Amino acid sequence: MDLVAGIDIGGTKTKLGLVNNLGECVVGLNFRTKEYPDLDQYLDKTVQSVHELVEQVPSKVNLLGVGIGAPNASNKRGTIEYAPNLYWKGIVPLQEKLQKRLNLPMRVTNDANAAALGEMLFGNAKEMKDFVVITLGTGLGSGIVSNGSMVYGYDGFAGEFGHFALLPEDGRLDGLGVRGGLEAYVSATGLKRTILYLMSKYTDESRFRSIAFNDLHGEDITQAAEEGDIIAKKAFEYTGKILGKALANFALFSQPEAYFLVGGLANCGKWIFEPTKKHMEAHLLEMYRGKVRILPSGMAEKNIAVSGAAALIWMDQQAASY
């Protein structure tokens, strides 16, 4: 059975899976990234996990390669560079070190780029040439596809929409220390910060007045909005307004056919999609209005991050077969 190992390196968890040519994760597992602050120990654990997955497949596995999505990763250098949410600081030679342990074809890219490739190969962007995937997790990432090709930039770091300083100069700090950076407002973490901000601004009753910040989760905010909590509803409107305006601005760059919202915050459904669509449309230039869609991922039943990472190798396989 031909399979590809997909690895998604997150600040909290590392997710791994063996993915077939339909984008389906046949077997998978995860472990806590933060339990391995030493890079070599982390890589040893990663290799061990890949071998464990191969052993779980009942038929013989032909492992075609390893695709890796990681924050602040360069597809051209195979490195992770200055990632704020990882223990390994500076420039991390990820591919070089892992290739010595796993002698297989290997590709590395930014996690949002991996999600975009997965959407193009396995999801709702199969027929699209121009689209953007926005990942809404702890931070905000973006993978840009223009004229059917991923936009990587000079050395692989293009598309860091989360660090656009779109908000006031006295705005919140984001994960890389950018004042007013978009991800400080539009992300799972940003939504929590907005809840605190709105509780200080308004006197409405809210369940969140008795919940500590570290005990607050995105699904709690969604449930509260469903139950009519005013602060929760205002928080989604506030977040959607900022994201919608940002997406209208980003449309100037490549005029995408669609934006795909994926990740934890996107799982809030209508609460984030509806205000974002409304405010994006209101801020689009007239020649773009009614042409740019905001869509959920078409990979909802697949592990988006792992399948997206595996798409790096599957796309190489696809290209080689032509």
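Quick notes on this one:
- Most mobile of Gly67, Gly171, Gly190 in a GNM of the chain (Cα contacts under 10 Å): Gly171
- Around Met106: net Lys/Arg minus Asp/Glu count, Cβ-Cβ under 12 Å: +2
- Using 0.36 nm per residue and subtracting the Cα-Cα separation, the extra length available between Glu127 and Thr12 on full extension is 38.0 nm.
- Pairs with C-alpha atoms separated by more than 29 Å, drawn from the list Lys13/Lys89; Lys34/Lys201; Lys201/Lys291; Lys15/Lys89, are Lys34/Lys201; Lys201/Lys291.
- Alpha-carbon centroid distance for the pair segment 277-307 / segment 54-110, whole angstrom: 29 Å
- DSSP bridge pairs, the chain: antiparallel proportion in percent, nearest 5: 55 percent
- Only beta bridges with both residues in segment 124-296 are counted; by DSSP, about 55 percent of them are antiparallel.
- Of all segments of the chain bounded by GluC sites (Glu not before Pro) found in a DSSP loop with no more than 10 other C-beta atoms within 10 Å, the longest spans 1-126.
- As a proxy for reagent exposure, Trp88, Trp271 were ordered by neighbouring Cβ count within 10 angstrom, fewest first; the result is Trp88, Trp271.
- Per the Kirkwood formula applied to alpha carbons, segment 124-296 shows a radius of gyration over Rh ratio, Rg over Rh, of 0.98.
- Our note on the geometry: Cα centres of segment 1-33 and segment 215-264, 27 Å apart.
- Candidates Gln255, Gln223, Gln95: whichever shows maximal mean-square fluctuation once the chain is modelled as a Gaussian network with Cα springs under 10 Å: Gln223
No lab work stands behind these numbers, since they all come straight from the coordinates. Source: prediction; values computed, not measured. In this analysis, Cβ positions are derived from the backbone assuming ideal geometry, glycine residues included, and neighbour counts consider all displayed protein chains.
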